[in-house]
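Reading through the structure tokens given below for one structure.
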Amino acid sequence: MAFSKHFEHQEREAEIYRRWEESGAFKADARSEKPPFTISMPPPNATGTLHLGHAIMLVLEDLMTRWRRMAGDEALWVPGTDHAAIATESVVIRLLQKEGIADPRIALGREELVRRIAEYVEKSRGTIRSQVRGIGASCDWERERYTMDAQLSRCVAEVFGKMFRDGLIYRGARIVNWDPGLQTTISDDEIEHVEQPHAKFYTLRYGPFLVGTSRPETKLGDTAVAVHPDDERWKEHIGKVYDIPWPKGPTIRIRVVADERVDPEFGTGALGVTPAHSQLDFEIAEAHGLPLIPIIGEDGRMLPAAGPYAGLTTLECREAFVADLEAAGLLAEVKTYPQRLSICYRSKQAIEPLIKAQWFIDVNKPAVRWKGKLMSLRQVLRDVVDSGDIQLVPKHQEATYFHWIDNLRDWCISRQIWWGHRIPVWYRGEQEIYVGHRGPGAEGWQQDTDTLDTWFSSALWTWSTLIDPELAKDQDLGLSQLLAQSPDFLKFHPTSVMETGYDILFFWVARMILMTTYATGQVPFRTVYLHGLILDRDGEKMTKSKPETSIDPLDTIRDLGADPLRISMVIGNSAGTDFRLSAERLEAGKHLVNKLWNAAKLVEKIAQGGEDGVDPASITHPVNRWIVARAHRVVDVVNGRMAAWSFGDAAEQIRSGFWSEFCDEYLEAVKVPELADLPETRAAARHAFDVFLKLFHPFIPFVTEEIWQQLGRPGMLIRADWPGTELRDAWSEDVDGVDAVLRLVAALRRIRSESRVEPKAQVAASVRALAFTDRMKACEPVIRKMANLESLSWDGAVPAGAVTAVDPAFQAAVDLGEANREAERERLRKELEDAERRLANVGKRLANEAFVRNAKPEIVEGARAEERELQGLKGTLEERLRELGV
RNA sequence: AGGCCCGUAGCUCAGUUGGUUAGAGCGCUACGUUGACAUCGUAGAGGUCAGCGGUUCGAGUCCGCUCGGGCCUACCA
């Protein structure tokens, strides 16, 4: 089949993907004898469209999956989507509001709203599926999962029940992070901090105290003043009770307590304690048995307890209250200071800490069997990384992970939204409670109205996706039975790699470890590969407001193809590091794809009419041997880089091996008839090219597959074997000889360029081979063509007006006439100087006894060889200068 | 306040356990290109590896400090 002028990505990519999918190339077999390689795709939210964050995730996971599949593993990549509770519900509510339904929760009711959200999700999941396909993801669509699938929901309920019975889940009234906008609690990890450089800090006259606060309105709910037990300033007040009448009411009664947690250095050293609206204050209040007075409601407005301020928003109240204090002379000071405001990562609204009865996971209770011991969730989290059961890439992220564990508190898992897994708990009256996946199945029970944190179900993702859906229909099976009888779980879990952004290390990665070790007794994955953020060329987050530097993956796939997008996101990218993607990079990616396409055209031409089935090991010409050995050396290097998770590096190695060695050197060399006509050249060219095609495939799957098929190679590249390394060190004399030939060509070209020889002018060269003589002579036609020589003699004669080059393997001379004499002398002197400098360097090292004694023998031997080589070079240069009459 | 990362060519970044003359892409300069090349090729310029000190026969690489930049975490009210 004739190659088209260019790779027509728009029509070909979709067609190639269809063929892969139809051929079953993505499907993994749980009964296979091959070692498993498993990746759970981090489920993209079932809202919106694919962005570059998804793209990098898909590209990295796909290249790992394709690589391991070719390398002989039973590779399974499980795709799926997440119901993304808060994100989805708020998106749909906003849409409904735009349609004119002011308060969809009230207008539609729970059942109808959930139905509408599900409908919306179903639609956008279709969009995401096609976009994941568009990028070339070779995931097993038959195993596609969704966090709300029946068997996944079953797992959620089962785990909840198990944790409840083990006392790891409890319900309690505690300070929680309340988002008044979304009307729900959120976990500690869902809080973001925004810098407020000029926040106001007020100091109030507060009975006998001066008390500092950034939120004066909360002082309406104070029930104590806490001071440090050793603080002399306030010692006399400890234990006393004061009634403090605020100017317009209410009057609060405060007790003075001593607590170590108060920092005497901060402010006045006296802390107004607001137990109902501050975490620390709540803890102090608990320790001292202080009363709680909630003054802020869930709507973000002041409660009746706030007296005359009831009904105001917190900010309105602050303003009014401060004005009243000032009028009454109770405002001692107002200054500005930098403060970090807590906001919800989703709604970006300020968080209101308040007290609410919620469900929590206890991270400190020693109730988890792990390695024969009873540990707390926190201890297990620490142990699996400490012991190396789980490896983080890059490794320094482990420090961040441990830091997070150190600060970890009980995880609030209940949410007041409707979209999600409803808490599997039923109540009857005040006393009775039922926990389980089936429900109590009797009259008079009411299910808990809250839903679970979306990360609760995501935390089960590596294994809940592997539970057999049919099996899960049997409601009588317990969790351990579901696990023990699911073939996919048995074959593919623990998964091999979790690849995701470092920004969700805590949200998700840590939670998966926490839940999975507990629920299955296994780690969820062996390795966590964390990629960085994709930024624009200036290192800033891409936004639609900066279209000139913003890149949309869908546009790129349409305009350039998926391959250029993929390769340009991988080359130069490394784990844990943010990556700047620019139009220039995409351009370079496109050029690479184009280069590969054109090389294929030439290879096909070279290979025309030759024979199939030639064993590469039987090749004899040095140039052909050289490229075969080189290609396999690249394989060896790439294997090492891939295994070390250095995918960008691996891609770069493939790129440069292909471009410089295969294209610029080999393909140019075999254009000479002496080689082109050699039957084995067809075998060598196609063998080496196939090696590069295979190496490239995980990175740029579409164009490589298209070439593979157009060249009539057997089967599909996606299922081809990863190339071996057996010929990596073969034919070293030939390989070194051709290396010398290439250096000779480069030397001759340099002479031409430096001496301003017309590009078209053919010159006469004379060469004396000092090593690899046979090989170099065998390559004479190649040298003549690549250096554009009229004639090449091997007598080594140096005419009077020649310009020369010396190398350990050869001396070369090009006769350019007398005019170049002086320039030649100059050049030789420079080269001699350089050789002498290097000789002095290596001589100094070898003269150093400590070096000879301590350095590794091969290093010392290398230095000796270098010294010998340089001495030879120096001699040649000096001789040549003498001939020139210096 | 604590933790982590980064500082290498004009720009973006590699540089694997310390070991010859520190690399690539893009950009730049000069030249070339009617047959694989929406181009590509050939040759070239360009770096006191942020600074200081230490360990070592040997440091871009290991250790300490300083300066500069970024990120994360926290119950300084």
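The values are calculated or read from the model by the stated rules, or taken from the named source; none is laboratory data. Small disclaimer: the values here were computed from a predicted structure and weren't measured. Counting neighbours? That spans all protein chains shown, and the Cβs are built from the backbone with ideal geometry, glycine included. Accessible surface is based on the protein model in full, side chains and every heavy atom, while ligands, DNA and RNA are left aside. Shrake-Rupley method; radii C 1.70, N 1.55, O 1.52, S 1.80 Å.
Identification of strands (runs of 3 or more DSSP E) wholly contained in segment A:234-281 with 1 or more residues that are open to solvent by less than 60 Å² (accessible area, probe 1.4 Å) and either near RNA strand B (Cβ under 7 Å from one of its atoms) or over 20 Å from A:Y202 (Cβ atoms) (or both) yields A:251-258, A:270-273.
Table: residues versus (1) out of contact with any Asp or Glu (no Cβ under 6 Å at 6 or more places or on another chain); (2) more than 15 Å from RNA strand B (Cβ to nearest atom).
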site	(1), (2)
A:L693	yes, no
A:Q710	yes, no
A:L717	no, yes
A:W722	yes, yes
A:E733	yes, yes
A:V741	yes, no
A:A802	no, yes
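Among what's in segment A:388-428 and is over 17 Å from A:E190 (Cα atoms), free of Cβ contacts under 8 Å to residues at least 12 places away in the same chain and part of a loop (DSSP other than H, G, I, E, B), pick the residue that is least open to solvent (accessible area, probe 1.4 Å). Across segment A:388-428, the extreme among qualifying residues is A:G388.
Restricting attention to segment A:187-233, the residues that are open to solvent by less than 10 Å² (accessible area, probe 1.4 Å), assigned to a loop (DSSP other than H, G, I, E, B) and acidic (D, E) add up to 1. Total residues in segment A:308-332 satisfying the condition of being touching a residue at least 24 places away in the same chain (Cβ under 8 Å) and under 16 Å from A:L204 (Cβ atoms): the figure is 13.
If you take the residues in segment A:592-630 that are closer than 27 Å to A:P701 by Cβ and part of a loop (DSSP other than H, G, I, E, B), which one is least open to solvent (accessible area, probe 1.4 Å)? The qualifying residue least open to solvent (accessible area, probe 1.4 Å) is A:G613.
For A:R526, the criteria (1) open to solvent by 10 Å² or more (accessible area, probe 1.4 Å); (2) within 16 Å of RNA strand B (Cβ to nearest atom); (3) outside any helix (DSSP H, G or I) hold in every case but one, which is (2). A:T184 meets all of the listed conditions (1) at pLDDT 90 or above; (2) open to solvent by 10 Å² or more (accessible area, probe 1.4 Å) but one, namely (2).
Residue check: A:Y337 meets all listed conditions (1) assigned to a loop (DSSP other than H, G, I, E, B); (2) open to solvent by 40 Å² or more (accessible area, probe 1.4 Å) but one, namely (1).
Yes/no per residue for (1) farther than 22 Å from A:A617 by Cα; (2) within 16 Å of RNA strand B (Cβ to nearest atom); (3) modelled with pLDDT under 95:
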position	(1), (2), (3)
A:P698	yes, no, no
A:T725	no, yes, yes
A:D729	no, no, yes
A:V757	yes, yes, yes
A:A764	yes, no, yes
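If you check A:Y309 against the conditions, is it within 16 Å of RNA strand B (Cβ to nearest atom) and either of a type outside the set (S, T, N, Q) or open to solvent by 40 Å² or more (accessible area, probe 1.4 Å) (or both)? So A:Y309 fails the test. Listed by position, the helices (runs of 4 or more DSSP H) enclosed by segment A:809-886 that each have at least 2 residues that are open to solvent by 60 Å² or more (accessible area, probe 1.4 Å) and more than 10 Å from RNA strand B (Cβ to nearest atom) are A:821-847, A:857-883. Quick check on segment A:631-645. Is at least one of its residues assigned to a loop (DSSP other than H, G, I, E, B), closer than 28 Å to A:F7 by Cα and within 14 Å of RNA strand B (Cβ to nearest atom)? The answer is no, given that none of the residues of segment A:631-645 is assigned to a loop (DSSP other than H, G, I, E, B), closer than 28 Å to A:F7 by Cα and within 14 Å of RNA strand B (Cβ to nearest atom).
Among the residues of segment A:282-304, what is the count of those that are open to solvent by 40 Å² or more (accessible area, probe 1.4 Å), closer than 30 Å to A:E260 by Cβ and touching a residue at least 60 places away in the same chain (Cβ under 8 Å)?
Kept after step one, since they are open to solvent by 40 Å² or more (accessible area, probe 1.4 Å), are these residues of segment A:282-304: A:283, A:286-289, A:291-294, A:298-299, A:301, A:303-304.
Add one more test, that the residue is closer than 30 Å to A:E260 by Cβ, and what stays is A:283, A:286-289, A:291-294.
Next cut, touching a residue at least 60 places away in the same chain (Cβ under 8 Å) only: A:288, A:291-294.
Residues in segment A:282-304 being open to solvent by 40 Å² or more (accessible area, probe 1.4 Å), closer than 30 Å to A:E260 by Cβ and touching a residue at least 60 places away in the same chain (Cβ under 8 Å): 5 in total.
Cβ separations smaller than 7 Å between residues 6+ apart or across chains give the following pairs from segment A:1-20 residues that are aromatic (F, W, Y) to residues that are in a helix (DSSP H, G or I) and away from RNA strand B (no atom under 12 Å from the Cβ): A:F3/A:Q710; A:F7/A:E706; A:Y17/A:R133; A:W20/A:I718. Would you say A:L816 is under 17 Å from A:A747 (Cα atoms) and touching a Gly at 6+ places or on another chain (Cβ under 9 Å)? So A:L816 passes the test.
Only residues that are within 13 Å of RNA strand B (Cβ to nearest atom), open to solvent by 10 Å² or more (accessible area, probe 1.4 Å) and part of a helix (DSSP H, G or I) were counted in segment A:664-691, giving 4.
Determine if segment A:605-621 includes at least one residue that is within 11 Å of RNA strand B (Cβ to nearest atom) and of a type outside the set (D, E). Spell out how you get there, then give the answer.
Step one: filter segment A:605-621 for residues within 11 Å of RNA strand B (Cβ to nearest atom), giving A:605-606.
Those still in the list that are of a type outside the set (D, E) too: A:605-606.
Checked against the condition, which is being within 11 Å of RNA strand B (Cβ to nearest atom) and of a type outside the set (D, E), segment A:605-621 yields at least one hit.
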